[in-house]
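As structure tokens, the structure follows; a few thoughts come after it.
The values are calculated or read from the model by the stated rules, or taken from the named source; none is laboratory data. Quantities reported herein were computed from a predicted structural model and do not represent experimental measurements. Counting neighbours? That spans all protein chains shown, and the Cβs are built from the backbone with ideal geometry, glycine included. Quick note on the areas: whole protein, heavy atoms, side chains included, nothing else; ligands and nucleic acids left out. Shrake-Rupley method; radii C 1.70, N 1.55, O 1.52, S 1.80 Å.
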Amino acid sequence: MPAAAFFFFFLCRAARLLAAGLALAAAVATGALAQGGARADAPAGPVRFGVLPLGGAVESRALWMPLLDDMSRALGVPVSVHSAASYEELDRAIQRDEIDMAFLSARIALEAVMQRRMRVVAQIARRPGMPTHRAVLLTRRTGTPSTLEAVLAEPERWRLARGDNRSVTGFLIPQSQLFLPRGIAMETRFRGEVIGTHQATALAVANGDADAATNNTTDFERFREQFPVEAARLHIVWESEPPPGAQMVLRRDYPPAFQARVQAFLAGYGQGKGPRADAEREVLKTLRAAHGYAAADDSALLPEAQLEYQLGRQNAMAASWVNEAARARRLQRIEQTYKDQVELLRAAAPAAR
């Protein structure tokens, strides 16, 4: 073949290969985006997802991984799970910026939002007729104390199993709605205490290591499924008013477009038709979120701010002070904290919608 003809053949072949390569690259990019592939607004590293402790770190990880795997595919970024052994450990991880997204009790979520680390993006969707999530107090069915009246009459006789001070249904709600109105401080009036997860507190009473336990209807239903023999030994002697719900929060410094994609994923999860949506709804059932997640903003934490305000006032009024001026200063700080919280939560709401 003459040199000129060979050169022309080479150029044509190179052009065809280049065109094919560009077409393939475009198709791959388009397909990746259609499947939720990585985009310019995605974070550089993996999204580290923190979850509330349930029975333990391993159990929490197993419950959440199906949702997180779907989220990773939809967003085009890796999503890893950080399952804490306690509320305190989870709170410390947030303080150290080791968590980028989390499903948090309302109290920890409020702290994270007030520190400007996180913003609320979703919460569990509620529907008319759904069982209402409530805090409860458990005792054994037989023996003593088996009634609420027995627990309240002589708290000094009994051992209490409860959540730590960051737990809404394990501490805040029982303290504010049940015990403090009757002059009983949970931390000091009982003979002893066990502090742990809702599973741990229920087991403590069932196994005779405590006499009463704080818990909630959602986790006690899960406990009945996992520990039917132990659950049969227990019964609910008190239920609260509905408490502030747990919130899904996300790093505030993530790009707004990425925050919107996360919120859209959560709000749309399990809402479609077909085999994929059916599988997603099964995942939601295991997470006790049968109707999925609803988009939310920081104003969803206003009920928690009000709860902490009321509890702070209750504690201040019940405590002993060197003089009334000291009590008044404490009440003034509580008022100012609540005012600051309300202003921030309400101001953030329009931007989060």
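Worth pointing out:
- Dipole check for the chain: with +1 at the C-beta of Lys and Arg, -1 at the C-beta of Asp and Glu, and the Cα centre as origin, the magnitude is about 680 Debye.
- C-alpha long axis of helix 3-34 to longest principal axis of the chain, angle in °: 20
- Each of ALA102, ALA348, LEU287 was scored by the projection of its Cα onto the charge dipole of the chain, and the greatest displacement toward the positive side belongs to ALA348; charges sit on the C-beta of Lys, Arg, Asp and Glu.
- Dividing the mean sequence gap of close Cα pairs (under 8 Å, 6+ apart) by how many residues region 238-353 holds gives a relative contact order of 25 percent.
- Accessible area (Å², 1.4 Å probe, nearest 10) - TRP321: 90
- Ligands, DNA and RNA are left out, and with a 1.4 angstrom probe the accessible area of the chain is 49 Å² per residue.
- Scoring 172-181, 98-107 by mean Cβ neighbours within 10 Å over their residues and listing the highest first yields 98-107, 172-181.
- Taken as Cα centroids, region 290-316 and region 180-251 sit 20 Å apart, rounded to the nearest whole angstrom.
- Solvent-accessible area, 1.4 Å probe, carbon plus sulfur percent, for the chain: 57
- Relative contact order computed over the chain (Cα-Cα under 8 Å; 6+ residues apart), in percent: 20
- The label point for GLN310 and the one for ALA294, both projected 7 Å from the Cα toward the Cβ, are 2.0 nm apart.
- Acute angle (nearest 10 degrees) that the helix 256-268 long axis makes with the longest principal axis of the chain, alpha-carbon atoms: 70
- Backbone amide hydrogens, once placed in the peptide plane, bring ILE195 within less than 5 Å of ARG162, excluding anything fewer than 5 places away on its chain.
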